[in-house]
Structure formats: C-alpha cells, structure tokens
Amino acid sequence: MVSKYFPNPFEMEGEWFKGNLHAHTTQSDGSLSPLDVCKLYKAYGYDFLFITDHRDVTPIRDLSKSFTGNFLVFKGIELDVPSSEIDTKYHIIGLNVKNKIEYRDPQKCINEILREGGEALIAHPYWSSLTVHDLLKIRGYLGIEIYNTHCHYSVSKGFSTVHWDDLLSRKHYVLGFAVDDAHWYKDKLPMDACGAWIMVKAPSLSEDSIMNSIRRGLFYSSTGPEFFDIKFNDEEIYVKCSPVTSISFISRNGLGFRFNAEGNTITEISCPLDNFEVFLRIELESSDGGKAWINPIMLSE
Ligand SMILES: [Zn+2]
Ligand SMILES: [Zn+2]
C-alpha cells in the first residue's frame, strides 16, 4: 500500500487568491515605482504581491493604504550570495521579511529570513547555474522557483523544473513556485510582469492567512491553465482543469505518463497510481504554451 503526502488545496475550505512573489521596483533595478507596480498587478486581476527589491526591503506603508481591502502588498527582499559549485551566486527571496539582511552565506541568509518570521525561496536555479548539489547543501528553504517570467524572456532560462525533479527524486521535498521577477514591465515586449502566478487557497486575504497557506503548500502555479480539482482513491488520481492540450504525470526517471489531446483539448482525466516512484507531480499545457503545476505528491511504501 502506497501512502501519500499531499496538502490538497482542493479539499480545503477557503477562497482562491492570485499572487506574484517576486517583483522589482525603482527602489532597485525595476522600471516602475512601487505604487505603479501595485496598480499594474491589481489591474491584471492579482490579489496580492510581494515586492522583492535587491538587497534591501522597500517600504510599503503608504502602498497598503492605497489598496485597503482588496489588494495585499507584502514586504520582501532578494539577496545574492556566494557561492555555487561553479562560483555563481545564489539568489534567495525572503518573503514577508521586514528588515534588511546582509549575510554573505546562503545558509545564514535562509536562517535569518526564518528568524524574521519570513520564508525563503531559491530564485531561478537554472538562470543562476545552480545544480542539485548546490540545492541539497542548504536547508530550511520552502521551495524553488520552477518558472520565472523575466528569466524566460531575457535569456530563455525560465524553467527550473528539472532542478525540482532532481530534488524530489532524492526525496527532498520542496514546493514549486511560478513567479515573474518583473523588471522591465512595459518598457519591452513581451512584458515580464503578470505572466506567472500562484493561486493560493486561503480563508481570507490577510497577511497571516496567505503566508500560512503558502507555507503549507496550499497553492498551485500557473502561466495560464487552471486546475479545478484533484482527487484520489486507492487506485487512481483524478484531475479536472481548464481546456488543455496535455496533462502530464511526472515521476522519477522514466516513470510517468503524458496524455496528449491529439489535436483537441481535454479537461479531465483519471490516471492509475501504479506506475510512480517517490513522487508524482502534475503539469498542464495549453495550446498557447501556457503551463500549470500542482505541488508534488510524495509517495512512500
Ligand atoms: Zn535574481
Ligand atoms: Zn529578481
């Protein structure tokens, strides 16, 4: 009998809230002011945003007043610290961090982010040339960016799903986050903002409620497609989603399945649970190239 670990957002009470966890402003190298960044995300239907400028925490006190009730702005930071096995820097996002952090060591940065009551993400592993060894030697981070809009449109290094699978194959459970890392906004096309997000299931749009749900993995990531339901019985897993051209069930080495819609679209599928080892994750792809990812389901005998 295989047991499963999967905090299933579709079985939780609450509402869905859309958010971006990584954005820059004129406080570092972004092209829009903090207020204009918030206005843009709100106009694109986002419910919350983390402002994560480089190396310092951007003040947001006045911003929160501008959007009372229906748009939540979080403080955050992005730290670049040496050093990976090929001497590149780790970029580490501190979510909900209120004070500047200055350590020059990735583990010390993560520890300090957690001590501040925040959560740490490893930004764009592919863009940073991080390997699985770099990711295994640090502890305490909540997850990695599996997709980064800016890294995709600037140097075609947006996807870090291989890094995710490498960690999961070694039973190292981390969450996967699709983020924008917006810098240039409308200065260039395609815009590097409002292209990726997480959908969080939470009781309300408050700081504690959103942070708790992110911490517990009660979200999925997307650049377009939507998940509507995930259900299990002992033999099968069932997925319901917006119309997509493929639904993939990804596991260790060559295990798994990809169901292609063969020129059409599909909106639901049941998949037998007997061809996976260690982990299983589900990925959607739509006809315009949009993707969506649930968090991993960890399997053990
Ligand atoms: Zn970065
Ligand atoms: Zn960034």
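The values are calculated or read from the model by the stated rules, or taken from the named source; none is laboratory data. Just so you know, these numbers come straight off a predicted model, no measurement behind them. Positions of Cβ are generated from backbone atoms using ideal geometry, with glycine treated the same way; all protein chains shown enter the neighbour counts.
For Leu95, which of the numbered conditions (1) within 16 Å of ligand 1 (Cβ to nearest atom); (2) free of Cβ contacts under 8 Å to residues at least 12 places away in the same chain fails to hold?
That leaves (2) as the condition not met.
Looking at (1) surrounded by fewer than 20 Cβ atoms within 10 Å (Cβ to Cβ); (2) free of Cβ contacts under 8 Å to residues at least 40 places away in the same chain; (3) within 16 Å of ligand 1 (Cβ to nearest atom); (4) not acidic (Asp, Glu), can you tell me which one Leu79 breaks?
(1)
Would you call Ile230 assigned by TED's automatic domain parsing to the domain that holds Leu284 and crowded, with 18+ Cβ neighbours inside 10 Å?
Against the criterion (assigned by TED's automatic domain parsing to the domain that holds Leu284 and crowded, with 18+ Cβ neighbours inside 10 Å), Ile230 qualifies.
Restricting the search to region 254-301, which residues are of a type in the set (S, T, N, Q) and in contact with a Gly (Cβ under 8 Å, 6 or more places away or on another chain)?
Passing the criteria: Asn275, Ser286, Asn295.
May I ask you to list the residues in region 173-192 that are within 16 Å of Ile146 (Cα to Cα) and either surrounded by fewer than 23 Cβ atoms within 10 Å (Cβ to Cβ) or among the hydrophobic types (A, V, I, L, M, F, W, C) (or both)?
Hits for region 173-192 are Tyr173, Val174, Leu175, Phe177, Ala178, Val179, Ala182.
Which residues, counting only those in region 2-35, are farther than 21 Å from Ala123 by Cα and free of Cβ contacts under 8 Å to residues at least 24 places away in the same chain?
Glu11, Ser33
Go over the candidates Ile250, Ile237 one by one and state the one that is over 22 Å from the mean Cα position of the chain (by Cα) and surrounded by 18 or more Cβ atoms within 10 Å (Cβ to Cβ).
The match here is Ile237.
I'm told Arg281 meets every condition in (1) surrounded by fewer than 20 Cβ atoms within 10 Å (Cβ to Cβ); (2) closer than 23 Å to Val174 by Cβ; (3) at pLDDT 95 or above except one. Can you identify the failing condition by its number?
Tallying (1) surrounded by fewer than 20 Cβ atoms within 10 Å (Cβ to Cβ); (2) closer than 23 Å to Val174 by Cβ; (3) at pLDDT 95 or above, Arg281 fails exactly one: (1).
Given Tyr185, Tyr220, Tyr238, which one is away from ligand 1 (no atom under 15 Å from the Cβ) and in contact with a Leu (Cβ under 6 Å, 6 or more places away or on another chain)?
The conditions single out Tyr185.
Taking into account only those residues within region 28-73 that are under 15 Å from Ser206 (Cβ atoms) and within 20 Å of the chain's Cα centre (by Cα), which is nearest to ligand 2 (Cβ to nearest atom)?
Phe50
Give the number of residues within region 189-224 that are over 28 Å from Leu299 (Cβ atoms), in contact (Cβ under 8 Å) with a residue 12 or more places away in the chain and within 16 Å of ligand 2 (Cβ to nearest atom).
Summing the residues that are over 28 Å from Leu299 (Cβ atoms), in contact (Cβ under 8 Å) with a residue 12 or more places away in the chain and within 16 Å of ligand 2 (Cβ to nearest atom) in region 189-224 gives 4.
Of (1) of a type outside the set (D, E, K, R); (2) at pLDDT below 95; (3) closer than 19 Å to Phe50 by Cβ, Gly263 satisfies all except one. Which?
Looking at each condition in turn, Gly263 falls short on (3).
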